[in-house]
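Colleague: Quick one: the structure is below, and I'll ask about it shortly.
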Amino acid sequence: MTLTLAALVREREFGLRVLAGEGVVNRPIGWVHVSELADPGPFLRAETLLLTTGLQMGSPGEFVSRLKQAGVVGIGFGVGLSHASVPAGLVKACQKAEMPLVEVPLETRFSDITKFVADDMARTAVREARSTAEIERALIRCLAAPDVPGEIVRRLARWLNGWAMVVDQDFRLVAVAPAKARRELKRVRAELDRVTPAGRFSISWSADKVQVSVHPVEHMGGYLAAGTPKLSADGHSVIGTALSLLAFQAEQTTAVRRIEQTVRSAAARFLVRGLSQDALDMGVALPKPPVRVALVAGDVAAQLERAMPEALCIARDGYLVCVFERYGVRQLAEVLEGQGRAVVSDPVPLDQASEAFAQVASMSGALTEDGPVVVTNAELLDKGLLSHVDTPGIRAYAEALLAPLRGHDSSLDLLGTLRTFLACDGNWTEASARLAIHRQTLRYRLHKIEELLGRSLDSVGTRAELWVALHLDN
């Protein structure tokens, strides 16, 4: 801890006595200077204790005013030489300016005070160096912790007597200490948003008597932020150590993740090739059966890894092949919304993943069509041949086929009648019940349809063409 004027006064060997400014004697002493100039201010730095006998002091009020402007922490006035006692005018001026004034007896040498302060500063520097070395060693030991960023942040916040946090590239909290420092995230993000268009830089500012600094973490894409009442040179050094360790850990994590992805991709390849036992022998966690296989179009590999960590993925021919648990379809759809499409197999046991892969491979044409972002095999089966005959030529033929019915009296709803009749497989009783009309009315409408089309509805071929045309019309 830095020596204060109050602590110096308590050293009995010096025999110091406070005459003014008793309320502010706890200010730290940054240095000691001896001067008999009337205006020593230009030669002083802030937090200096000035020792003088007042030989050329001049006006006490002006003398004190100049020293206060220079940031002097206090005045030590030596008595017994030029002045038998401290001048009353100086005492009054110091009281008015709240400048600490200390009487130094004749037997106390200024050099002894200077040496004592210098020795204390040296001792403080050694203590701080030891403290810095200790925290840096403690931070290095954090690399063995289960939660490396969390442990680094906790130790750093305690040492700074403030707070610290790590955020990822999306400004999500990775670690924070103490917990109440979460409220600082909004301010940190606002400052980063202000400067990041120009690049990733270290920035700092002061707010509410707290110095805040934010630094990019290499190999991570995120940032380390710290707040402390006073950030010393040692504080910068310790933060630099924390940054290096976070970057190292991020690089190692990335390397491990790449290895894991390679192993998991190999397991997925074994599964889709029908080698389920080989996949089990890889030693990675496989999705719980039954599983689905998806063929995914879209640059969503990173999002899928975060949202579906249990999924096994392979990059293949511009697509992703994913093996995941049967209930992951909704998660997959949420990831793909606005970013891609996928075709998904039926759920199967692990040892049938190869058949599921063959199934989605046959469904790949649906990836270029419009519709939902996730298409299941059941949805394609429901479409039947329609998914293959919906072409401009077929649509034109269908429109021409149904045109006579559109142009007729709309009050009869011939298209609706025909649609219901075919949906009931030609069952007159069921169709008339659904339409809520008499059987004779139905007979009249169907006769009118045959008349307009020039075809018999008894023909299976005619019914099939009309059924396709009506579905395309939908």
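The values are calculated or read from the model by the stated rules, or taken from the named source; none is laboratory data. The model shown is predicted, which means the values in this text are computed figures rather than measured ones. Counting neighbours? That spans all protein chains shown, and the Cβs are built from the backbone with ideal geometry, glycine included. With ligands, DNA and RNA removed, areas are computed over all heavy atoms of the protein, side chains included. Shrake-Rupley method; radii C 1.70, N 1.55, O 1.52, S 1.80 Å.
Colleague: In the neighborhood of Gly61, defined by Cβ-to-Cβ distances under 11 Å, what is the net charge if each Lys or Arg adds +1 and each Asp or Glu adds -1?
Modeller: On the way: positive: Arg66, Lys68, Lys92, Lys96; negative: Glu62.
Taking every Cβ under 11 Å from that of Gly61, the sum is +3.
Colleague: Rounded to the nearest 500, what is the 222 nm mean residue ellipticity of the chain from helices alone, with -39500 (n - 2.57) per DSSP H run of 4+ residues and division by all residues?
Modeller: Numbers: 18 runs with 225 residues, N = 474.
Calculated from helices alone, the mean residue ellipticity at 222 nm is -15000 deg cm²/dmol.
Colleague: Along its principal axes, what span do the Cα atoms of region 145-251 show, with the longest given first and each in whole Å?
Modeller: If we take the Cα atoms of region 145-251, the spans are 34, 31, 26 Å.
Colleague: Lysines near Lys92 by alpha-carbon distance under 19 Å, same-chain residues fewer than 8 away left out - which ones?
Modeller: Lys68
Colleague: With the full set of protein chains in place, find how many percent of the accessible area of region 5-118 is carbon and sulfur; take the probe as 1.4 Å. List each step's numbers first, then the result.
Modeller: Numbers: 3030 of 5670 Å².
Carbon plus sulfur share of accessible area: 53 percent.
Colleague: Kindly report the accessible area of region 1-93 per residue (heavy atoms of protein chains, probe 1.4 Å, no ligands, DNA or RNA), in Å². Can you show the working numbers first?
Modeller: Working: 4660 Å² over 93 residues.
For region 1-93, the solvent-accessible area averages 50 Å² per residue.
Colleague: With a 1.4 Å probe and every protein chain kept in, tell me what percent of the accessible surface of region 150-263 is carbon plus sulfur. If you can, show how the numbers build up before the last one.
Modeller: Details: 3210 of 6200 Å².
Reported share for carbon and sulfur atoms: 52 percent.
Colleague: Another question, then. Using 0.36 nm times the number of residues separating Arg455 and Thr368, minus their current alpha carbon distance, what extension gain do you get?
Modeller: Working: separation 87, 0.36 × 87 = 31.32 nm, distance 3.67 nm.
Residue separation times 0.36 nm, minus the Cα-Cα distance, leaves 27.6 nm.
Colleague: Give me the net charge for the shell around Leu336: Cβ to Cβ below 13 angstrom, other residues only, Lys and Arg +1, Asp and Glu -1. Could the numbers behind the result be given before it?
Modeller: Working: positive: Arg330, Arg341; negative: Asp299, Glu334, Glu337.
Charge balance near Leu336 sits at -1.
Colleague: If we sort 33-43, 51-61 on the protection proxy, mean other Cβ atoms within 10 Å, highest first, what's the order?
Modeller: Working: 33-43: 14.9, 51-61: 17.3.
Top of the packing list down: 51-61, 33-43.
Colleague: Using only Cα atoms, figure out Rg for region 287-382 and give it as a multiple of 2.2 N^0.38 Å. Before the final figure, lay out the partial values.
Modeller: Details: Rg = 11.8 Å, N = 96, 2.2 N^0.38 = 12.5 Å.
In units of the 2.2 N^0.38 Å rule of thumb, it is 0.95.
Colleague: Between region 128-172 and region 399-469, how many Å separate their Cα centres?
Modeller: 78 Å
Colleague: In debye, nearest 20: dipole of the chain around its Cα centre with unit charges on the Cβ of K, R (+) and D, E (-)? Don't jump to the answer; show the numbers that get you there.
Modeller: On the way: 53 positive and 55 negative charges, 243 e Å.
The dipole magnitude comes to about 1160 debye.
Colleague: Please calculate how many Å² of accessible area region 185-289 carries per residue, with a 1.4 Å probe and no DNA, RNA or ligand atoms counted. Don't skip to the answer; put the middle values down first.
Modeller: Values: 5850 Å² over 105 residues.
So region 185-289 comes to 56 Å² accessible per residue, rounded to a whole number.
Colleague: Quick one: if the Förster radius is 51 Å, what FRET efficiency do Arg306 and Leu106 give, using the C-beta to C-beta distance and rounding to 0.05?
Modeller: Details: r = 76 Å, r/R0 = 1.49.
Computed FRET efficiency for Arg306 and Leu106: 0.10.
Colleague: In degrees, nearest 10, range 0 to 90: what is the angle between the Cα axis of helix 148-160 and the longest Cα principal axis of the chain?
Modeller: The answer is roughly 30 degrees.
Colleague: I've got another one for you. By what distance, in whole Å, do the Cα atoms of region 5-118 stretch along each of the three principal axes, largest value first?
Modeller: Per principal axis, max minus min of the Cα coordinates gives 32, 28, 26 Å.
Colleague: Hey, if you drop one equal point scatterer on each alpha-carbon of the chain and run the Debye formula without solvent, what base-10 log of I(q)/I(0) do you get at q = 0.08 Å⁻¹?
Modeller: Values, matching the q order: -0.76.
Colleague: Excluding residues on the same chain fewer than 8 positions from Lys448, give the lysines whose Cα lies under 30 Å from its Cα.
Modeller: Lys383
Colleague: Can you tell me the FRET efficiency between Asp193 and Ile394 if r is taken as the Cβ-Cβ distance and R0 is 45 Å, rounded to the nearest 0.05? Let's see the in-between values first.
Modeller: Working: r = 53 Å, r/R0 = 1.18.
About 0.25, to the nearest 0.05.
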